[in-house]
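The values are calculated or read from the model by the stated rules, or taken from the named source; none is laboratory data. Quick caveat: nothing in here was measured; it's all calculated off a predicted structure. Please note: Cβ atoms are built from the backbone with ideal geometry, for glycine as well, and neighbour counts cover all protein chains shown.
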There are 2 protein chains.
Amino acid sequence: MKDSIARVADRSRREFLQTAMLAAGASIVSLPALARQTDKKLGVALVGLGSLSTNQIAPALQKTEHCRLAAIVTGTPAKAKAWSEKYSIAEKNIYNYGSFDRVADNPEIDVVYVVLPNSMHAEYTIRAARANKHVLCEKPMANSAKDCEAMIAACQKANRKLAIGYRLHFEPHNLEAKRLGQEKVLGKLRAIEAGFGFVIGDPTQWRLKKALAGGGALMDVGIYALQGARYVSGEEPIEVVAVETKTDPVKFKEVDETIYFTLRFPSGLLANCGTSYNAGFNRLWAGAEKGWFELSPAYSYGGIKGRMSGDKTISLPQVDQFAAELDDFALCIKNNKPSGVSGEEGLRDLRIIEAIYQSIASGKAVRLKAGG
Amino acid sequence: MKDSIARVADRSRREFLQTAMLAAGASIVSLPALARQTDKKLGVALVGLGSLSTNQIAPALQKTEHCRLAAIVTGTPAKAKAWSEKYSIAEKNIYNYGSFDRVADNPEIDVVYVVLPNSMHAEYTIRAARANKHVLCEKPMANSAKDCEAMIAACQKANRKLAIGYRLHFEPHNLEAKRLGQEKVLGKLRAIEAGFGFVIGDPTQWRLKKALAGGGALMDVGIYALQGARYVSGEEPIEVVAVETKTDPVKFKEVDETIYFTLRFPSGLLANCGTSYNAGFNRLWAGAEKGWFELSPAYSYGGIKGRMSGDKTISLPQVDQFAAELDDFALCIKNNKPSGVSGEEGLRDLRIIEAIYQSIASGKAVRLKAGG
């Protein structure tokens, strides 16, 4: 929705500029250059060719209006071969983790999309910024708020844009939930409940290793519930209280399995949130003065469904969330506009996540600085 | 369901006894006496004629198999008149709070049903026990665990039965949720979510006055979420963590408005629960190894609906929960069997509720003694 609105806005702006320049008698010669600049698809280098890149992001890149898959970065030669054949990627646009910094010399690459295990987000974001590339980094932004700060600083220093892969900011039902909450369509909010959990498979995967993942369910999917609570309320939490359990202490030896956490917002509103790697739930609910609304499933790649009090459904188009996210970032770059899912937004979540882990460890409520 | 099972069991037992006695050549003379004893409807004195008595309990008493409305206790002469006319209650069976203790001399009264504001539960339960009557007391059992202990002691001393008005223990969908959870029908439980809240009306009512209600939403409806978590898990919590807010600090000056609390059970299971007097929600959900089940609404007087993973519905008969609760208590008395919703059960909840308030006040996790 935001994406299509952005597209329309971009088109209008272009038409306005062309008309304005013609009216002003500007040289006709400059028009193709302007059009080329605006219409050029930004080249994206995909770093890390795991399941998310394979099944979601690469297909999404085939649908984007403003991006194209220009390069890949992988440590696995077999993947390099398969991808280069499937997506016609030239040999010179294939990198491994050793050669990655040479993306600096490749003018076909505008954006580096970091889709690596969480522990590697900071390093590759910073290296990409040093290579003078804009960076789109998957969530969670990093394993610590400190790393997030270093990533932001690196991108600022290089004067490059940084955005986090918060795909639901471009999903129509979630945008509608945000609108219903922030614009108080049903009156003042009185409670939010948000939970995202699933039963994780392969016990050997990187997501269950502390060194690679930083944390477990909270870092991976609890962050969506946290995001939901934040964008529906439009507020930043001032206090968190959290409880953790491991119903399977063997499988989840290194990372958190199931966490419930409550956020207190400045208005007095509470958001009660949950996450799990061992139980499935997928819900964003808010109660307000004049009714309630709910998305369930709320956070999936597709098939989002919404309901409201008064026996209403929230039924909006299902979009390719990754394509919308990529196009939004491309337009932010092209138009030099700030991203709504900036590094600062990723940092806010990591600060809250650290407070949640702190509350679990201490068994106490943890205060947060207002404004995250 | 339990009720109808209990009825069948009772009938079978009676038939078995009659057959056995006849077979043993027992005196025929004893049969009518036995039948009279077993078939007699127990006389119930209803104490407090507010909305619950008027709209739910009195109509339920017209449907019970083993109880009848024998007497009323009210401080309002107009109510005494209206009720005596509507339900043909003799003058001698109408009491006020001053004359209440004289129920001791009334053989038509077997059971006193206490439906007063929470702060009066202990006093009237103890006075009823001293008058040698069995007592059914509405939830929450009392305003403190200490009061609950005194109520149990008074009934034990008088050798009278005490049960708490936990109507959902006699509601088929809730019984099915209990079975699904406790018998691990979908495997080991991995998470429970339970919440009951509604937007309370009249700001002058007793439920919003601390002295009468003891507490707010938690005492009144949060107790259903607490109960749900306990009967679905079949476990007693060993720790609680709770957070409170008042989105309307004026209306909820004296009592709690919105509370989220998490219970930790000995198995490691967490139950995440919520309650509110200012937001509507009504849900009991459990996730297990092989799926999930949910009741929503879960706690209403009627219209309970259930769903399960695999696109299944849980659709069972809707019963008059108060009639079922009353008949169960009558059969416990007639057959001298323990009630499943005994005073001890009410006391367990009050101990947990006190720990929840303690966690809110301290901002810390509060440990509970194992076994409540």
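A:ALA158 fulfils the conditions (1) away from every other protein chain (no Cβ under 14 Å); (2) within 16 Å of A:VAL232 (Cβ to Cβ) except for a single criterion, (2).
Output the residues belonging to the stretch A:245-263 that are of a type in the set (D, E, K, R) and buried (at least 22 other Cβ atoms within 10 Å of the Cβ).
Our first condition is that a residue be of a type in the set (D, E, K, R); within the stretch A:245-263, this holds for A:246, A:248, A:251, A:253-254, A:256-257.
Residues satisfying the conditions are A:ASP256, A:GLU257.
Do the conditions hold for A:ILE192, that is, is it closer than 20 Å to B:TRP285 by Cβ and either over 21 Å from the mean Cα position of the chain (by Cα) or among the aliphatic types (A, V, I, L, M) (or both)?
Values: closer than 20 Å to B:TRP285 by Cβ: yes; either over 21 Å from the mean Cα position of the chain (by Cα) or among the aliphatic types (A, V, I, L, M) (or both): yes.
Against the criterion (closer than 20 Å to B:TRP285 by Cβ and either over 21 Å from the mean Cα position of the chain (by Cα) or among the aliphatic types (A, V, I, L, M) (or both)), A:ILE192 qualifies.
With the condition kept exactly as written, say whether any residue in the stretch A:310-323 is under 30 Å from A:LEU208 (Cβ atoms), more than 9 Å from chain B (Cβ to nearest Cβ) and either free of Cβ contacts under 8 Å to residues at least 24 places away in the same chain or of a type in the set (Lys, Arg) (or both). Within the stretch A:310-323, none of the residues are under 30 Å from A:LEU208 (Cβ atoms), more than 9 Å from chain B (Cβ to nearest Cβ) and either free of Cβ contacts under 8 Å to residues at least 24 places away in the same chain or of a type in the set (Lys, Arg) (or both).
Mind telling me which of the residues B:VAL135, B:VAL112 ends up being assigned by TED's automatic domain parsing to the domain that holds B:VAL44, touching a Ser or Thr at 6+ places or on another chain (Cβ under 6 Å), closer than 23 Å to B:GLU345 by Cα and not in a loop (DSSP other than H, G, I, E, B)? If you could, list the steps in order and put the result at the bottom.
On the way: B:VAL112 fails: touching a Ser or Thr at 6+ places or on another chain (Cβ under 6 Å).
Exactly one of B:VAL135, B:VAL112 is assigned by TED's automatic domain parsing to the domain that holds B:VAL44, touching a Ser or Thr at 6+ places or on another chain (Cβ under 6 Å), closer than 23 Å to B:GLU345 by Cα and not in a loop (DSSP other than H, G, I, E, B), namely B:VAL135.
I need the full set of residues from the stretch A:128-137 which are surrounded by fewer than 22 Cβ atoms within 10 Å (Cβ to Cβ) and charged (D, E, K, R), in order please. The one that is surrounded by fewer than 22 Cβ atoms within 10 Å (Cβ to Cβ) and charged (D, E, K, R): A:ARG130. Scanning the stretch B:258-274 for residues being over 22 Å from the mean Cα position of the chain (by Cα) and more than 7 Å from chain A (Cβ to nearest Cβ) gives a total of 3.
Within the stretch A:341-372, the residues that satisfy the criterion of being farther than 18 Å from A:ALA153 by Cα, in a loop (DSSP other than H, G, I, E, B) and among the small types (Gly, Ala, Ser) are A:GLY363, A:ALA365, A:ALA370, A:GLY371.
The set of residues in the stretch B:324-340 being within 12 Å of the chain's Cα centre (by Cα) and assigned to a helix (DSSP H, G or I) consists of B:ALA324, B:GLU325, B:LEU326, B:ASP328, B:PHE329.
Could you tell me whether the stretch B:276-299 includes any residue that is within 11 Å of chain A (Cβ to nearest Cβ) and basic (Lys, Arg)? Yes, the stretch B:276-299 has at least one match. Among the residues of the stretch A:173-209, those identified as under 30 Å from A:ASP248 (Cα atoms) and of a type in the set (A, V, I, L, M) are A:ILE192, A:ALA194, A:VAL199, A:ILE200, A:LEU208. In a residue-by-residue description of the stretch A:334-341, the property of being buried (at least 23 other Cβ atoms within 10 Å of the Cβ) and not hydroxyl-bearing (Ser, Thr, Tyr) applies to at least one position.
When A:GLY181 is tested against (1) in the same structural domain as A:VAL73 (by TED's automatic domain parsing); (2) assigned to a helix (DSSP H, G or I), exactly one condition is not met: (1). Looking only at the stretch A:151-164, which residues are closer than 10 Å to A:GLY343 by Cα and in contact with a helix residue (DSSP H, G or I) (Cβ under 6 Å, 6 or more places away or on another chain)? A:MET151, A:ILE152, A:CYS155, A:LYS161, A:LEU162, A:ALA163, A:ILE164, listed by residue number.
Exactly one residue among A:ALA90, A:ALA58, A:ALA80 is over 21 Å from A:ASN335 (Cα atoms), surrounded by fewer than 17 Cβ atoms within 10 Å (Cβ to Cβ) and either out of contact with any His (no Cβ under 8 Å at 6 or more places or on another chain) or outside the structural domain of A:LYS146 (by TED's automatic domain parsing) (or both), and that residue is A:ALA90.
When restricted to residues that are in contact (Cβ under 8 Å) with a residue 40 or more places away in the chain and either touching a strand residue (DSSP E or B) at 6+ places or on another chain (Cβ under 6 Å) or buried (at least 19 other Cβ atoms within 10 Å of the Cβ) (or both), the stretch B:281-301 contains 13.
To keep it simple, each residue is scored yes or no on (1) in contact with a helix residue (DSSP H, G or I) (Cβ under 6 Å, 6 or more places away or on another chain); (2) of a type outside the set (S, T, N, Q).
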site	(1), (2)
B:GLU289	no, yes
B:LEU295	yes, yes
B:SER309	no, no
B:ASN336	no, no
B:VAL341	yes, yes
B:GLN358	no, no
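Once the stretch B:200-244 is narrowed to residues that are within 24 Å of A:LYS364 (Cα to Cα), touching a Pro at 6+ places or on another chain (Cβ under 7 Å) and more than 14 Å from chain A (Cβ to nearest Cβ), the residue that is surrounded by the fewest Cβ atoms within 10 Å (Cβ to Cβ) is B:MET219.
Quick grid of which residues meet (1) in a helix (DSSP H, G or I); (2) surrounded by 21 or more Cβ atoms within 10 Å (Cβ to Cβ); (3) not assigned by TED's automatic domain parsing to the domain that holds A:GLY228:
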site	(1), (2), (3)
A:SER119	yes, no, yes
A:GLU123	yes, no, yes
A:MET141	no, yes, yes
A:CYS148	yes, yes, yes
A:ASN159	no, no, yes
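Each residue in the stretch B:146-185 was checked for being small (Gly, Ala, Ser) and closer than 17 Å to B:TYR224 by Cα, and 4 pass.
Taking residues in the stretch B:258-272 that are in contact (Cβ under 8 Å) with a residue 12 or more places away in the chain and within 14 Å of B:ILE356 (Cβ to Cβ), and partners anywhere that are among the hydrophobic types (A, V, I, L, M, F, W, C) and surrounded by fewer than 23 Cβ atoms within 10 Å (Cβ to Cβ), the pairs with Cβ atoms closer than 6 Å and at least 6 places apart or on different chains are B:ARG264/B:ILE238.
With the structure loaded, tell me whether A:PHE329 is crowded, with 23+ Cβ neighbours inside 10 Å, more than 10 Å from every other protein chain (Cβ to nearest Cβ), of a type in the set (Phe, Trp, Tyr) and farther than 30 Å from B:GLY197 by Cβ or whether it fails that test. In short, yes.
In this entry, A:HIS173 passes the filter for residues that are assigned to a helix (DSSP H, G or I), touching a residue at least 12 places away in the same chain (Cβ under 8 Å) and assigned by TED's automatic domain parsing to the domain that holds A:PRO266. If you filter the stretch A:161-199 down to residues that are more than 14 Å from chain B (Cβ to nearest Cβ) and more than 30 Å from A:ILE333 (Cβ to Cβ), you find that the one that is surrounded by the fewest Cβ atoms within 10 Å (Cβ to Cβ) is A:VAL185. The residues in the stretch A:92-116 that are small (Gly, Ala, Ser) and touching a residue at least 60 places away in the same chain (Cβ under 8 Å) can be counted, and the count is 0.
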